[in-house]
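The values are calculated or read from the model by the stated rules, or taken from the named source; none is laboratory data. This structure is a prediction, so every number in the text was calculated from the model and none was measured. So basically every Cβ, Gly included, is an ideal-geometry build from the backbone, and we count neighbours across all protein chains shown. These accessible areas exclude ligands, DNA and RNA; they are computed on the full protein's heavy atoms, side chains included. Shrake-Rupley method; radii C 1.70, N 1.55, O 1.52, S 1.80 Å.
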Amino acid sequence: MSEVIYRKYRPMTFQEVVGQKPIKITLQNETVSGNVAHAYLFVGPRGTGKTTLARLFARSLNCINRKDDSSEPCNECEICNLIINGRSMDVIEIDAASHTGVDNVRENIIANAQVPPFNNKGFKVFVIDEVHMLSKSAFNALLKTLEEPPKKVIFILATTEIHKVPETIISRCQRFDFKKIPQVDIIKRMAWIITQEKVTVPENILAEIARRSEGCLRDAESLLGQIISLSQGNVTDELASLVLPRSNWHEVDTLVEALRMKNMSTALNQINKLVSEGIDLEDFISNLIDFLRQIMLYQIIGPEFSLDFSEDLTEAIKQHAREFPLKDLSRLLNILLSKLSVKDSMIDQLPLELACVEFLLDENEILQNKPTIQVNAPTVDTVEPKKKPLTSNNKANFSKFQAEWPKIVQETKPFNHSLSAILQTSHPINIDDKSITIGLEYSFHMEQLNKPQIKSHLVEVFNKVLGCKLDINFQLDDKHKENHNNFKGIQEKDVGEAIDIFGGEVV
Ligand SMILES: [Zn+2]
């Protein structure tokens, strides 16, 4: 059944192909204009549509019913049918991963390429899958053909490992890089398939299939097929769990929570409990890494980084992002990657992301530490006019803060415009020589400002402007409007009054 789903819904037109839009458009334009290359190189991960597009392209070029201004094959004419059923003499597919594939290229394909296509209006198309597996002699034979390409012959070479393809071959091909299919597109495609199959599948199961297939549509369709074949029209979580290993995100969340709180016994107990319950450890580790990565990215990028989790897990990730120091997160990910052999299930870009985070974290730390060093080091003090730090006199603190407030807002602008905009609508509700509490109108402002990198930047700015390192706290102010108007108003008034108004709150 799984194979059936995959074959049954193999896209028959360019319009039906999921993803790879730039590649589709180029191939379609070349079909209509007749301006085709002698050789194409389709590069990209498995299951992203390389052979599907190769076959489709071959059909479009050969279909006898195709209209001049259209790139879509009719899929009904004799030629389309021969190609669809793999019986065409003009469209030849070879799997270079097999031994016969290697011999075929060397001995047969090259000779066969000299024979013109049966369909004299069309092209002879050779699709060589996994082309990187060819032997050196096969590559040489292929290269010779590409150097003097026979008329009306097209080679489409597909590979998942471009680094194994000789440069001399690559340079003779029009190259297309296939991307992993985004999860949303995979989900959309599966949603369409289940309506065709008249089956209901809960959304969370579709999301889990999409996540597990990691951008490979073929894997997603195959998993979906297995699940559908077990059901009688109605897929339940229980049924899906027979095919999909039980999702363990909540267990992952529990462990991350323990690690964040630096609670060693809870962490180790959780791991041992899971193992005794027979959890798939490899799967768990790969989810743990994915989960931590999403926390890290959400912390850095913020709400623009979309999370593909259920509502409660999304909330959990947001909370971890607020409270898990970036430095600990990146360190934990590094340790996990170095101690565990998870390369196969690993996210390709994670090591690079971590390298960037680590490098910039060090930079940030130096920046953060700088003002403290300045205060302590007399040599620097003598160069810069010495700033008067906040004193334990609240009245003086308050007046200093008020006088410097516009400067603080201004200083945050280059770093982040919305940060300075939020500050403009906020005001201090409490200040002493160690900390300041800033009153805010909206909780989403608080969420923004509480992000570690925003907060540390603010500490820096306050340090620069006020000449002292303050802890910054944020609080929702239920008398926001009144207090804020007062704060803005009193900036021009007597400072003494300010203390009176905020006085009740000042320690
Ligand atoms: Zn046709």
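Over all Cα atoms in the chain, the spread is summed up by Rg and Dmax: 31.4, 98 Å. Pairs from the table (LYS262/LYS434; LYS400/LYS464; LYS434/LYS464; LYS262/LYS455) lying more than 20 angstrom apart at Cα are LYS262/LYS434; LYS262/LYS455.
Quantify, in whole percent, the carbon and sulfur part of the accessible surface of the stretch 249-356 (1.4 Å probe; protein heavy atoms only). Carbon and sulfur: 54 percent of the exposed surface of the stretch 249-356. Full extension of the chain segment joining SER241 with GLU76 gains 55.4 nm, where the gain is 0.36 nm per residue of separation less the Cα-Cα distance. Couplings for the stretch 173-182, taken from phi via the Karplus curve 6.51 cos²θ - 1.76 cosθ + 1.60 with θ = phi - 60°, read 10, 7, 9, 10, 9, 7, 9, 4, 7, x Hz in order; Gly and Pro are left as x. Take the Cα of ASP69, step 7 Å toward its Cβ, do the same at VAL459, and the gap between the two points is 6.5 nm.
By how many nm would the segment from GLN232 to LEU360 grow when fully extended, if each residue of separation counts as 0.36 nm and the alpha-carbon distance is taken off? Intermediate results must be reported in sequence, preceding the final value.
Numbers: separation 128, 0.36 × 128 = 46.08 nm, distance 5.36 nm.
Between GLN232 and LEU360, full extension yields 40.7 nm more.
Say R0 is 45 Å: what FRET efficiency, to the nearest 0.05, do LYS434 and THR314 get from their beta-carbon distance?
Values: r = 35 Å, r/R0 = 0.78.
According to the calculation, E is roughly 0.80.
When +1 charges are put on Lys and Arg Cβ atoms and -1 charges on Asp and Glu Cβ atoms, the dipole computed for the chain relative to its Cα centre reaches about 1340 debye. The alpha carbon centroids of the stretch 444-468 and the stretch 74-141 are separated by 63 Å.
For the stretch 130-265, what class follows from the C-alpha gyration tensor (a ≥ b ≥ c being the square roots of its eigenvalues): rounded when a/c is under 1.5, otherwise prolate if a/b is larger than b/c, else oblate? Oblate shape, in that a/c is at least 1.5 and b/c is the bigger or equal ratio.
Per residue, the chain exposes 52 Å² of accessible surface when a 1.4 Å probe is rolled over the protein heavy atoms with every protein chain present. In order along the stretch 435-440, the phi-based Karplus estimate (6.51 cos²θ - 1.76 cosθ + 1.60, θ = phi - 60°) of 3J(HN,Hα) comes to 8, 10, 10, 9, x, 10 Hz; Gly and Pro are listed as x. Dipole of the stretch 249-356 computed with +1 at Lys/Arg Cβ and -1 at Asp/Glu Cβ about the Cα centre; of LEU281, ASN263, PRO303, farthest Cα towards the positive end is ASN263. For the stretch 20-177, the tally of Lys pairs with Cα-Cα distances below 18 Å comes to 13, considering only residues 8 or more apart or on different chains. About the centre of its Cα atoms, the stretch 249-356 shows a dipole size close to 640 debye [charges on the beta carbon of Lys, Arg (+1) and Asp, Glu (-1) only; nearest 20 debye].
Prolate is the label for the stretch 20-177, because the ratio a/c of its alpha-carbon gyration tensor axes (a ≥ b ≥ c) is 1.5 or higher and a/b is greater than b/c. Using the Kirkwood formula over every pair of different C-alpha atoms, what hydrodynamic radius in Å results for the stretch 183-243? For the stretch 183-243, inverting the mean 1/r across all distinct Cα pairs yields 11.1 Å.
The share of accessible area on the stretch 403-463 that comes from carbon and sulfur is 53 percent, using a 1.4 angstrom probe.
Among rounded, prolate and oblate, which fits the stretch 32-77 when a ≥ b ≥ c are the square roots of the eigenvalues of its C-alpha gyration tensor, a/c under 1.5 means rounded, and a/b larger than b/c means prolate? Before the final figure, lay out each step's value.
Working: a/c = 2.83, a/b = 1.60, b/c = 1.76.
Oblate.
Multiplying the residue separation of PHE118 and LYS188 by 0.36 nm and subtracting their alpha-carbon distance yields 21.2 nm.
Give, rounded to the nearest 20 debye, the magnitude of the charge dipole that the stretch 20-177 has about its Cα centre when Lys and Arg contribute +1 at Cβ and Asp and Glu contribute -1 at Cβ. Display every interim value, and only then the final one.
Numbers: 19 positive and 18 negative charges, 29 e Å.
The dipole magnitude comes to about 140 debye.
Tell me the carbon and sulfur percent of the accessible area for the stretch 73-221, rounded to whole percent, probe radius 1.4 Å. About 52 percent, which is the carbon plus sulfur part of the accessible surface.
Among VAL125, PRO150, HIS163, pick out the residue whose Cα is farthest towards the positive end of the charge dipole of the stretch 107-223, where Lys and Arg carry +1 and Asp and Glu carry -1 on C-beta, about the Cα centre. Positive-end residue among those listed: PRO150.
What number, rounded to the nearest 500 deg cm²/dmol, is the helix-based mean residue ellipticity at 222 nm of the chain, given -39500 (n - 2.57) per DSSP H run of at least four residues and division by all its residues?
Helix-only estimate at 222 nm: -17000 deg cm²/dmol.
Ranked by the mean number of other Cβ atoms within 10 Å per residue, highest first, peptides 270-278, 30-38, 149-157 order as 149-157, 30-38, 270-278. Given PHE359, THR48, ILE335, which one lies farthest toward the positive end of the charge dipole of the chain, if we put +1 on the Cβ of every Lys and Arg and -1 on the Cβ of every Asp and Glu? In the chain, that residue is THR48. Rounded to 0.05, the FRET efficiency of the PHE415 and ASP478 pair, given R0 = 22 Å and the Cβ-Cβ distance, is 0.15. Summary of the geometry: the stretch 277-291 and the stretch 1-39, compared by the centres of their Cα atoms, lie 36 Å apart.
How much of the DSSP beta bridge set in the chain is antiparallel, as a percent to the nearest 5?
On the way: 4 of 30 bridges.
The antiparallel fraction comes to roughly 15 percent.
If R0 is taken as 30 Å, the Cβ-Cβ distance between LYS339 and TYR442 corresponds to a FRET efficiency of 0.10.
Of the listed peptides 228-237, 8-17, what is their order by residue-averaged count of other C-beta atoms within 10 Å, with the highest listed first?
Descending mean neighbour count gives 8-17, 228-237.
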